[in-house]
């Protein structure tokens, strides 16, 4: 099994303290000695996922990010799973029961639920609550996205990964140009220029070295 671990920081959006996210990322950094792709929005990770060629994607996220494959919407953060070049297994690790509604976590916009109907293009689509039993030994690629619009101004809950993965500059850019004044959103949406994904190396050893 070749697993890509795709992590959205909004998984911890309702946490009142940074303890849960800190505990998970310290576990991740301790278990894996892999470079980590970081991005502003989740759909910016798709090229990296495809380059790794996994047969399984685990999406740790407050949102499912998968839709009916017949939905002709362009690539965006709510349907990126449909653009991954993999026909294996997609597993959504959601944080709380309330994620299982269209108001909160589900992203499909048609009447077809990918978790109940074979409509996504994936061979298997599963969902599991929580972060227990992550198959660390099978992970061949990791990506983490900031998703600042979905953190609901609760960046404190993810302060540890924000600093460890060098997200501080993106946080500042979003606060100035994206979240508050809503200008320059094209580059932010496309993940280009100053908002291009970055591969972070040496996180396990505290080096935080971007390779590009």
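When the chain is treated as a Gaussian network with alpha carbon springs shorter than 10 Å, the biggest mean-square fluctuation among 42, 63, 102 belongs to 102. By DSSP, the beta bridges lying fully in the chain are antiparallel in about 15 percent of cases. Once the C-beta distance of residue 190 and residue 70 is scaled by a Förster radius of 22 Å, the resulting FRET efficiency is 0.35 to the nearest 0.05. Note on residue 103/residue 27: beta-carbon distance plugged into 1/(1 + (r/R0)^6) with R0 of 30 Å gives a FRET efficiency of 0.45.
Taking Cα centroids, how far is region 76-97 from region 20-71 in Å? Rounded to whole Å, the Cα centres lie 9 Å apart.
The label point for residue 128 and the one for residue 176, both projected 7 Å from the Cα toward the Cβ, are 4.2 nm apart. Relative contact order of region 3-210, taken over Cα pairs closer than 8 Å and 6 or more residues apart, is 34 percent.
Return the calculated 222 nm mean residue ellipticity for the chain, to the nearest 500 deg cm²/dmol, obtained by summing -39500 (n - 2.57) across DSSP H runs with n ≥ 4 and dividing by the residue count. The helix contribution divided over the chain gives -4500 deg cm²/dmol.
A straight chain from residue 85 to residue 15 at 0.36 nm per residue would run longer than the Cα-Cα distance by 21.9 nm.
Exposure proxy shown here: for 68, 8, 85, the number of other Cβ atoms within 10 Å sets the order, fewest to most, as 85, 68, 8. Just check region 37-130 against the gyration tensor rule for me: Cα atoms, a ≥ b ≥ c as the square roots of the eigenvalues, rounded for a/c under 1.5, and otherwise prolate or oblate depending on whether a/b exceeds b/c. Taking the square roots of the gyration eigenvalues as a ≥ b ≥ c, region 37-130 is rounded. Computing Rg and the Kirkwood Rh from the Cα coordinates of the chain gives a ratio, Rg/Rh, of 0.93.
Largest GNM mean-square fluctuation across 75, 131, 100, computed for the chain with C-alpha springs under 10 Å, falls on 131.
Under a Gaussian network description of the chain, with springs only between Cα atoms under 10 Å, the residue in 36, 192, 91 that fluctuates furthest is 192.
All of the numbers you see were taken from the coordinates with simple rules; none came from a lab. All values derive from a computational prediction rather than experimental measurement. Cβ: placed from backbone, ideal geometry, glycine included. Neighbour counts: every protein chain shown.
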